[in-house]
1. Name the long-range amide H neighbours of Trp119: under 5 Å, sequence gap of 5 or more, or other chain; modelled H, no Pro or chain starts.
2. Efficiency by 1/(1 + (r/R0)^6): what FRET value for Arg93 and Val23, r their Cβ-Cβ distance, R0 = 35 Å, to the nearest 0.05?
3. If amide hydrogens are placed 1.01 Å from N in the peptide plane, which non-local residues have theirs closer than 5 Å to the one on Ile96?
4. Which ³J(HN,Hα) values, rounded to whole Hz and listed in residue order, are derived for segment 9-14 from phi using the Karplus coefficients 6.51, -1.76 and 1.60 in 6.51 cos²θ - 1.76 cosθ + 1.60 with θ = phi - 60°, glycine and proline given as x?
5. Peptides 205-212, 122-129: what's the order by average Cβ count within 10 Å, highest mean first?
6. Describe numerically, in nm with one decimal, the distance between label points set 7 Å from Cα along Cα→Cβ at Arg147 and at Glu210.
7. Which value in Å is the Kirkwood Rh of segment 31-84 over different Cα pairs?
8. How far apart, in nanometres, would the label points at Ala81 and Thr231 be if each is projected 7 angstrom from Cα along the Cα-to-Cβ direction?
Amino acid sequence: MSGHGGLPALRDILALYPGLTPVRKALLATRFFLIPFRCLHERIPADAIVFEMGCGQGVLANFLKEAAPDRIVVGMDLSPARIEIACTSMGGRRGIYFVVGDVTRSPFSPLPHDGDRPWAYITAEVLYLLPVERAVETMRAIGERLRARDSYWIVDFCGGAGVRSLFLAMESSLLSLVVKMGRRIPRMGRTATEAFGERARRARVPRYDEWRRILARAGLAGEQVSTGMRTPFPQIMFRCTRASGGESAGREAHRPRA
């Protein structure tokens, strides 16, 4: 059965992953409540080639493919274990691929190519894990490949003052604690370390003005888009294109652009 507006529901996506334990399925389910799946789908053309860098187990990639079957969707992640799980969801479907790769080193190969289809690049909750210089280099490499019909979507955390930022800081501390405690329980330890370890070790949350500077340094013009989601932490989303001489990165849009 489909979810709201005929889009795939959470249960539809989880059904693509045979044999997962309830704990792993619960971890996959959290992506539905943290990433603006619907917002991205509505703004990415139905015939696009979608390249999600840092795709994890492929939940967003699967959603975007199921929501628009004509899309070609490629998910790349640094972790062979996550890609192995993502590959179990393919089920013989055509036009969806998962590959192991480091998006900061070789983010564009191997990929299918299909004429003049528009490309949509996505990094969702990835850049905050990178040192600033590496994040800038990665974003610049993506920007250099953007054509007029292409777009680059950034969904990430945004630091600042307020209760939600305090919640994000508390969450990071809690994840560190979960990883430490999980190591004492063999089965839980493997799951917790894989899910939270990297995030707890490397999380770095830029403020909005820092995001503006990062975009500018990467040569990108970024429009802030409202996700329509109410997350317990401060989240930010940009639609990025290659900056031209007359554009300034980080400008806000009064209305989300398709």
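1. Ile49, Asp150, Ser151
2. Given R0 = 35 Å and the Cβ-Cβ separation, E is 0.85.
3. Val73
4. 8, 3, 5, 5, 6, 4
5. Values: 205-212: 17.1, 122-129: 21.6.
Put in order of decreasing packing, that is 122-129, 205-212.
6. 3.6 nm
7. 11.3 Å
8. Result: 2.3 nm between the two label points.
Every read-out reported here was derived from the displayed coordinates using simple, explicitly stated rules and does not represent laboratory data. Since the model is a prediction, treat every value here as computed from it, not as a measurement. Reconstructed Cβ throughout: ideal geometry from the backbone, glycine too, with neighbour counts over all protein chains shown.
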